[in-house]
Amino acid sequence: MNPTYIRIELTRQSRDTGNLMFALLLPVVMYLLFGNTFGGGGETAGNGNVRFYVMASMAAYGAAVATTGIAGTAATESMLGWGRQIALTPMRPAGFVGSKVTVALIVAAVAAGIVFLVGLATGAQADAPWIWWTSYGIAVVGSSMFAFYGMAAGLVFKSETAIGVASGLLVFFSFFGNVFMPLSGTMLDIARFTPMYGYTGLVRYPLTEGFASGGGAVSDTVPTLLANVVAWTLIFAVAALLAVRRSRQRR
């Protein structure tokens, strides 16, 4: 990783107010909508209440959106010639990927932090402080898998619509990953193989201890959720590295 490149990237991203506001505010609006509008937010859910469950889910979604969007800007950079300049530097593909992931994680930490702060101010509760910190830490660190996903999508599609396509697919993954609404039966069985399921399940694990909110209250173990995250992280990381090498070979 290159600290200078990371600093420049953070400066560039801070000027993209439209994309930044979308990544930071959308999860907050969704938390307020799902966690407070329809009532029942104060009911008990595992080691806290329903608002905490919704808050943790939306923080995970927000961190995933942030990392996907930031890493996906690789497509725009290629079109503007910035990617060509980067290719002329000594920075290797792995270093480029690592720097992009670091920037994405910093923005994801801010996105998840805003959701947690709004949750704290609007009645989200957990039985112990460690549940807050553990859920937040897992949301930020675990979102790194979606930085690889965003980068791969951006470099493969090579257009300004790449981020839109990647974000749209992320909404699809979230609906079918038990993030926005509780799934049950066959849908829940299929959801266990989708990218958002393991990640969001780990974020909510300190609260739920693995029990799903869908019908049947099936319990997920930590090794099962970790296996999902590791498998999809490897898939996205390999795809991103191959996309970077393919992009550089074309120049």
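The values are calculated or read from the model by the stated rules, or taken from the named source; none is laboratory data. Treat the numbers as computed from the prediction; the structure is a model and nothing was measured. Note: ideal-geometry Cβ built from the backbone for every residue, glycine included; neighbour counts use all protein chains shown. Remember, those area values only see protein heavy atoms, side chains included, never the ligands or the DNA or RNA. Shrake-Rupley method; radii C 1.70, N 1.55, O 1.52, S 1.80 Å.
Taking residues in region 112-136 that are more than 17 Å from Gly62 (Cα to Cα) and of a type in the set (S, T, N, Q), and partners anywhere that are open to solvent by 50 Å² or more (accessible area, probe 1.4 Å) and not in a loop (DSSP other than H, G, I, E, B), the pairs with Cβ atoms closer than 8 Å and at least 6 places apart or on different chains are Thr122/Leu32; Thr122/Asn36; Thr122/Arg51; Gln125/Arg51.
Take region 200-215 and flag every residue that is over 18 Å from Asp127 (Cβ atoms) and modelled with pLDDT of 70 or more. Thr200, Gly201, Leu202 - these are the residues of region 200-215 that are over 18 Å from Asp127 (Cβ atoms) and modelled with pLDDT of 70 or more. Restricted to region 1-51, and to residues that are surrounded by 15 or more Cβ atoms within 10 Å (Cβ to Cβ), more than 18 Å from the chain's Cα centre (by Cα) and aromatic (Phe, Trp, Tyr), which residue is farthest from Ala104 (Cα to Cα)? If we take residues in region 1-51 being surrounded by 15 or more Cβ atoms within 10 Å (Cβ to Cβ), more than 18 Å from the chain's Cα centre (by Cα) and aromatic (Phe, Trp, Tyr), then Phe34 is farthest from Ala104 (Cα to Cα). Close Cβ contacts (under 6 Å, 6 or more residues apart or on different chains) running from residues in region 178-202 that are open to solvent by 20 Å² or more (accessible area, probe 1.4 Å) to residues that are outside any loop (DSSP other than H, G, I, E, B) and of a type in the set (Phe, Trp, Tyr) comprise Thr194/Phe173.
Evaluation of Val140 against the conditions (1) in contact with a Ser or Thr (Cβ under 8 Å, 6 or more places away or on another chain); (2) modelled with pLDDT of 85 or more; (3) of a type in the set (A, V, I, L, M) shows that the sole unmet condition is (1).
Looking at region 45-67, can you tell me whether even one residue there is in contact with a strand residue (DSSP E or B) (Cβ under 7 Å, 6 or more places away or on another chain), touching a residue at least 24 places away in the same chain (Cβ under 8 Å) and assigned to a helix (DSSP H, G or I)? Yes, region 45-67 contains at least one residue that is in contact with a strand residue (DSSP E or B) (Cβ under 7 Å, 6 or more places away or on another chain), touching a residue at least 24 places away in the same chain (Cβ under 8 Å) and assigned to a helix (DSSP H, G or I). Among the residues of region 138-170, those identified as more than 11 Å from the chain's Cα centre (by Cα) and among the β-branched types (Val, Ile, Thr) are Val156, Thr161, Ile163, Val165.
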